[in-house]
Amino acid sequence: MEAGRRKIRFIPFIWMFLGGICAWVVAECISNNSADEYVDYYGSDVFKNAVSVAETSVAVLHALDQSPHVSCSPEDLEAMRRIVFVVPLLADVGRLREGELACTGVWGTFATPVAMPPISRVIGVNAATLWRGASGVVRGDLAADMASFGDSVVMTEASAFARYRDPAERLAALVLTSDGSYVYQAFGETYGLSGILGQSSRWYHFARRRVFSHCDDNIDVCVVATYAAPTPLETAPLDFLLVLAGGMTAGGCIGLWHARLYGESRSWRQKLQRALDNNRLTVHYQPIIRLSDSTLCGAEALVRLVDFDGTLIPPDQFIPAAEASGVVEQITRRVVKRAFSDMGPRLSADRDFYLSINVSSDDILNRDFLGFLDNETKARGVSPGQVALELTERSTASPERLTRAMEEFSRNGYQFLIDDFGTGYSSLSYIARMPISGIKIDRMFTQALDQPSVGAVIVSKVCELAAALKVTLICEGVETKAQATILANIYPDICAQGFLIGRPMPVERFSRTFPVASRFRWHQDGAA
Ligand SMILES: Nc1nc2c(ncn2[C@@H]2O[C@@H]3COP(=O)(O)O[C@H]4[C@@H](O)[C@H](n5cnc6c(=O)[nH]c(N)nc65)O[C@@H]4COP(=O)(O)O[C@H]3[C@H]2O)c(=O)[nH]1
């Protein structure tokens with residue numbers, strides 16, 4: 001008991017914690033998303049520029065290679081000068097002779113060819129040669145990236161990547177080959193970046209280092225850019241704390257609601273258990289008559305919980321809690337025992353009279369219940385054929401399982417009635433396959449009978465269905481003579497249950513009001 005109370009007290013805190021975690025996850029995802037946008041923007045810019053430089057260099061090398069002019073001839077120098085003039089990404093273009101630079105578009109022909117520095121890399125099928133940051137080739141103070149193909153060489157303008165040299169805080173990028181073995185350009189703190197080529201962050205990846213990586217399809221140029229994203233607490237501490245507080249508050253509210261529901265169901269469970277232990281469940285009986293001849297055909301057993309002050313609590317208030325907490329099976333057994341003890345003599349005296357008992361699908365699916373029912377009927381001398389089990393149409397159990405279980409009860413002689421027909425969602429095809437002997441039309445349709453509404457149409461359709469299925473039809477909630485008259489006209493064989501005939505009552509009153517072989521003349525007042 002104490003443990004249960006302590007558990008209830010913890011529920012809101014657990015939900016608060018969960019709410020806080022959810023809020024934190026949401027804040028992280030939002031922050032990841034904007035950090036990814038940032039690194040994508042930066043990485044794409046570097047990538048576009050790198051591809052543009054590479055494509056331009058390749059195109060110029062290709063053009064020089066195809067040139068009809070004699071290398072370093074005045075026409076060749078003129079053509080190279082024009083290239084340097086129109087291609088701002090290139091600082092100079094020139095010609096090699098025996099591995100040395102013989103002339104360039106800017107400097108013309110050298111009196112003494114300039115020695116080339118050691119090669120950084122040879123790439124591609126056609127063996128283009130690359131130099132990274134080569135200095136002292138033309139001007140001692142300038143370090144340029146160079147590429148050569150055949151006897152042509154291009155020198156990249158130093159300013160081509162200038163704007164990336166000092167990236168914003170936490171940003172870094174590498175321009176490299178797709179196998180990661182050669183780095184064209186590096187910006188910022190790039191240690192370990194080549195190892196993550198091919199990975200890209202998504203908003204749902206939880207990592208502080210956000211990654212952009214992309215390779216060109218035609219040229220062997222890739223870019224890996226990273227952003228060491230700050231935590232949401234660093235970027236927007238107030239917003240983050242507000243989101244966290246919101247999450248915890250929402251979690252706390254859900255927790256309070258959950259604790260209340262849990263407390264209610266726990267208190268109902270305890271209340272019901274105490275009522276069972278103290279024998280404070282009682283059963284009332286509501287008469288059911290056949291309208292055609294006014295004979296009493298049966299009675300429905302309806303459970304009530306007697307509160308400590310003697311007031312009767314109707315089943316609608318505790319049966320759902322009993323079903324949810326698993327106490328319903330104990331209640332059903334108690335009702336069965338009580339109803340057989342109350343109505344046993346009546347059932348033996350009047351073999352045409354039946355007693356209907358509400359059961360839940362859990363009762364029917366419980367293998368022991370059939371044995372229990374058999375023992376009780378035997379002990380009280382009740383014929384199973386006079387016992388109708390009312391199963392609500394709103395049952396959530398699997399129809400196949402339920403049908404199989406119902407068949408076992410049916411084999412032992414018990415009848416089944418589908419209660420509250422028309423309010424559930426079960427398919428008619430299932431109902432048609434279930435071993436049922438009767439349908440009870442819900443009172444909401446009955447009460448619409450003497451009003452112009454679709455209720456009357458539905459009732460007459462259900463009557464047709466009952467006739468087709470060859471099952472008994474019982475109409476619940478018959479309160480007026482007008483309703484009874486309409487029903488008797490639509491379906492003469494119909495049975496009626498409702499305040500017009502009698503409210504649920506204790507067994508003593510039931511026996512007094514409806515003695516064996518009595519008739520209830522509903523078109524006159526009172527029982528006869
Ligand atoms: N307005 C109006 N109401 C009428 C009229 N005639 C009968 N009623 C009420 O309609 C309900 C009929 O029972 P139900 O459809 O089986 O509906 C039952 C049944 O589904 C459930 N129930 C009752 N006893 C048991 C039980 O022992 N076990 C289980 N599992 N459920 C039970 O509780 C429901 C409510 O039972 P009650 O409160 O006794 O309410 C009863 C009855 O008092 C009428 O002319 N007008």
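The values are calculated or read from the model by the stated rules, or taken from the named source; none is laboratory data. Keep in mind that this is a model prediction, so the values were computed, not measured. FYI the Cβ positions are ideal-geometry reconstructions off the backbone, even for glycines, and counts take in every protein chain you see. Note: areas computed on protein heavy atoms with side chains; ligands, DNA, RNA excluded. Shrake-Rupley method; radii C 1.70, N 1.55, O 1.52, S 1.80 Å.
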Query raised in the report: Based on the mean of other beta carbon atoms within 10 Å per residue, what is the order of 205-213, 382-390, 305-313, most packed first?
Result: 382-390, 205-213, 305-313
Query raised in the report: To the nearest 0.05, what FRET efficiency results for residue 143 and residue 202 with a Förster distance of 51 Å applied to their C-beta separation?
Result: 0.85
Report summary line: Taking every other residue with Cβ under 9 Å from the Cβ of residue 504 and scoring Lys and Arg +1, Asp and Glu -1, one gets +1
Requested in this report: Report the Stokes-Einstein translational diffusion coefficient (µm² s⁻¹, integer) for the range 358-483, Rh taken as the Kirkwood radius over Cα pairs, at 10 °C with viscosity 1.306 mPa s.
Outcome: 103
Requested in this report: Would you please give the residues with an amide H less than 5 Å from that of residue 103, counting only those at least 5 places away or on a separate chain, with H modeled from the backbone geometry?
Outcome: 95, 110
Requested in this report: Starting from the Cα of residue 119, step 7 Å along the direction of its Cβ; do the same at residue 166; then give the gap between the two resulting points in nm.
Outcome: 3.7
Query - For q = 0.17 Å⁻¹, Debye-computed log10 I/I(0) when each Cα of the range 279-513 counts as one equal scatterer - result: -1.38
**Report entry** Antiparallel DSSP beta bridges within the range 279-513, as percent of all bridges there, nearest 5
**Finding:** 40
Query - In sequence order, calculated HN-Hα J values of the range 79-84 (Karplus, 6.51, -1.76, 1.60; Hz; x Gly/Pro) - result: 5, 5, 4, 4, 4, 4
Report summary line: Note on the chain: C-alpha Rg/Rh, Kirkwood Rh, two decimals, gives 1.42
**Report entry** Using alpha carbons only: equivalent-ellipsoid semi-axes of the range 157-290, gyration tensor based, whole Å
**Finding:** 67, 20, 12
Query - Residue-by-residue Karplus 3J(HN,Hα) for the range 16-29, coefficients 6.51, -1.76, 1.60, Hz, glycine and proline x - result: 4, 4, 5, x, x, 4, 4, 4, 5, 4, 4, 4, 5, 5
Query raised in the report: Do any cysteines in the chain lack another Cys Cβ under 4.7 Å, and if so which?
Result: 22, 29, 253, 297, 463, 475, 495
Query raised in the report: Per residue, how much space in cubic angstrom lies within the convex hull of the C-alpha atoms of the range 195-252?
Result: 97
Report summary line: The relative contact order of the chain, taking Cα pairs under 8 Å that sit 6 or more residues apart, comes to a percentage of 12
Query raised in the report: Considering only protein heavy atoms, what per residue accessible area in square angstrom results for the chain with a 1.4 angstrom probe?
Result: 50
Query raised in the report: Over the range 1-148, what per residue volume does the convex hull of the Cα atoms give, in whole Å³?
Result: 184
Query raised in the report: Taking a point 7 angstrom from the Cα of residue 324 along the C-beta vector, which residues in the range 236-257 have backbone N less than 15 Å away?
Result: 255-257
Report task. Run the quick spin-label model on residue 408 and residue 97: label points 7 Å from Cα toward the beta carbon, then report their separation in nm to one decimal. Result -> 10.5
Requested in this report: Treat the range 264-328 as a sphere of radius equal to its Kirkwood radius over Cα pairs and apply Stokes-Einstein at 20 °C in a medium of 1.002 mPa s; give the translational diffusion coefficient in µm²/s, rounded to a whole number.
Outcome: 162
Report summary line: For the range 279-513, the percent of accessible surface on carbon and sulfur atoms (probe 1.4 angstrom, ligands and nucleic acids excluded) is 51
Report summary line: For the range 475-487, in residue order, the Karplus 3J(HN,Hα) values (coefficients 6.51, -1.76, 1.60; θ = phi - 60°; whole Hz; Gly and Pro = x) are 10, 8, x, 7, 10, 10, 5, 4, 5, 4, 5, 4, 4
Report summary line: For residue 297, the residues 5 or more places away or on another chain with a placed amide H closer than 5 Å to its own amide H are 288, 289, 290
**Report entry** Range of Cα positions in the range 46-109 per principal axis (Å), largest first
**Finding:** 36, 23, 20
Query raised in the report: How much length, in nm to one decimal, is gained on full extension between residue 238 and residue 109, taken as 0.36 nm per residue of separation minus their Cα-Cα distance?
Result: 39.8 nm
Query raised in the report: Any idea of residue 360's accessible area? Nearest 10 Å², probe 1.4 Å.
Result: 10
